[in-house]
Ligand code: UD1
Ligand code: MG
């Protein structure tokens with residue numbers, strides 16, 4: 001098998017997003033869109049990933065600093081996608097293998113499609129292979145122009161299309177595999193002869209065909225995978241598609257999602273078998289939910305939440321950065337933040353942890369088998385021993401626990 005590296009283009013300014021933030025850092029179901037493209041490259045085992053950055057380059061590099069295997073390449077002026085790839089030439093001048101070129105704004109990419117692309121490229125012994133998609137609504141994308149025998153001739157950008165070409169519904173989702181030598185030779189010859197006066201990577205395709213090399217275009221990309229994100233509307237559309245994927249996988253793994261259209265689950269969430277997610281639940285960030293839990297309706301689970309098994313969280317319950325042990329119940333109107341909750345604790349309606357003292361966030365630890373009555377306010381930092389019993393309507397601070405603990409078991413008592 002030939003050696004392979006990947007180039008991911010992520011330097012663009014993204015005028016259409018109207019943003020100060022690098023486009024590839026905008027999140028799709030809680031993860032920056034670039035992370036999905038990196039994952040797909042990882043899954044098909046490329047030996048190195050070159051990520052071309054320019055606009056807000058430091059922001060992008062900072063966000064991915066823990067990723068191994070990435071070579072960051074600067075494109076100081078964003079002169080177009082062909083120019084962006086050319087910025088990698090110096091790094092790859094002695095490299096003779098194949099180069100996968102992808103865009104950082106296409107997070108719906110699937111590794112399986114890349115595998116097909118690679119197989120077809122190798123089987124056809126082509127110098128370049130691209131995967132295309134057929135869309136009902138093709139506007140905005142580069143169109144695939146084929147000759148009467150079906151061979152690809154060129155890719156024409158939306159803004160450069162003739163009325164006839166605008167009617168073509170086969171588009172370029174920007175999944176390419178090139179022989180490196182052929183690619184860089186063709187890129188040197190690309191000129192900015194187009195409406196936007198940019199150096200287009202898509203023009204390298206007609207260039208390669210013109211020099212007699214074999215180029216294959218395979219219709220291998222599902223419409224739902226082809227969405228490139230150039231606008232906030234496309235960001236939202238891609239997020240919806242990703243959300244469906246996340247939920248489908250969870251359901252296949254034995255999670256019940258009662259109403260998928262009215263549930264939002266972060267890509268980083270893990271949920272165990274036979275857990276039921278009731279409608280209007282929002283799970284955001286790295287959240288781990290065990291088996292047999294019942295969450296919602298109207299629950300909000302935030303980053304750092306860990307629920308062990310058989311936990312029940314009901315309406316308007318928010319949990320953040322907390323660990324809830326087996327059998328915890330918080331059925332109504334609670335906020336549990338920066339807290340460890342022991343086994344079989346019952347948290348009554350409207351009880352909250354007051355975790356922020358105005359300056360810092362403080363920790364609460366609730367032992368096993370505690371009973372927290374309705375409307376209790378637990379002022380952090382606070383430790384409640386196993387079996388503590390907090391009466392309804394109590395405001396509990398560590399001082400009150402210390403004072404009452406041994407003498408008056410009316411407000412704070414051990415069971
Ligand atoms: C591009 C393709 C188009 C395809 C579409 C799929 C070109 C010329 N057009 O169009 O055929 O249908 O993707 O989504 O390639 N970038 C740089 N440096 C630059 C310019 C862009 O790194 O100088 C990066 C961007 O950050 C982005 C990617 O390249 O991640 C694609 O650029 P974008 O401006 O989004 O191109 P499209 O108009 O979407
Ligand atoms: Mg784009």
task: Can you grab the distance from the C-alpha centre of the stretch 74-110 to the C-alpha centre of the stretch 223-256, Å, no decimals?
output: 26
- prompt: Relative contact order for the chain: what is it in percent, counting Cα pairs under 8 Å that are at least 6 residues apart?
  reply: 10
- prompt: Relative to the compact globular guide of 2.2 N^0.38 Å, what is the alpha carbon radius of gyration of the stretch 250-301, as a ratio?
  reply: 0.96
task: Equivalent ellipsoid semi-axes for the stretch 19-61, as square roots of 5 times the alpha carbon gyration tensor eigenvalues: give them largest first, rounded to whole Å.
output: 20, 14, 6
message: Between the stretch 335-351 and the stretch 270-294, what is the separation of their alpha carbon centroids in Å?
response: 17
statement: FRET efficiency for residue 258 and residue 169 from the Cβ-Cβ distance with R0 = 45 Å, rounded to 0.05, comes out at 0.75
message: Report D for the stretch 216-337 in µm² per second (integer): Stokes-Einstein, Kirkwood Rh on Cα pairs, 4 °C, 1.567 mPa s.
response: 86
message: Starting from 0.36 nm per residue, how many nanometres of slack lie between residue 222 and residue 39 once their C-alpha separation is accounted for?
response: 64.0 nm
message: Can you tell me the mean projection area, over all orientations, of the convex hull of the stretch 191-287's alpha carbons? Units nm², please.
response: 9.6
task: Express in whole angstrom the spacing between the alpha-carbon centres of the stretch 6-45 and the stretch 137-209.
output: 22
statement: In the stretch 273-389 the DSSP beta bridges are antiparallel at a rate, in percent to nearest 5, of 5
field: Within the chain, percent of DSSP bridges classed antiparallel, to nearest 5
entry: 25
message: How large is log10 of I(q)/I(0) for the chain at q = 0.06, 0.07, 0.08, 0.14 Å⁻¹ when the intensity is taken from the Debye formula with one equal scatterer per alpha-carbon?
response: -0.35, -0.46, -0.56, -1.12
query: Which residue, 270, 165, 359, has the most motion in a Gaussian network model of the chain that connects Cα atoms within less than 10 Å?
result: 359
query: With axes computed from alpha carbons, what is the tilt in degrees of helix 33-43 against the longest principal axis of the chain, rounded to the nearest 10 within 0 to 90?
result: 70
message: Can you tell me the orientation of helix 111-124 relative to the chain, as the angle in degrees between its alpha-carbon axis and the longest Cα principal axis, to the nearest 10?
response: 20
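When 72, 264 are ordered from fewest to most other Cβ atoms inside 10 Å of their Cβ, what list results?
Values: 72 15, 264 19.
Going from least to most buried by this count: 72, 264.
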Spin-label pair residue 400/residue 147, simplified geometry with 7 Å Cα→Cβ offset, distance in nm: 8.4
- request: On a 0 to 90° scale, report how tilted helix 232-252 is relative to the longest principal axis of the chain, with both axes built from alpha carbons and the result rounded to the nearest 10.
  value: 60
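Coordinate-derived values only; no laboratory data. Computed from a prediction, not measured in an experiment: that's the story for all the values here. Don't worry about glycine lacking a Cβ; one is built from the backbone with ideal geometry, like all the others, and counts go over all protein chains shown.
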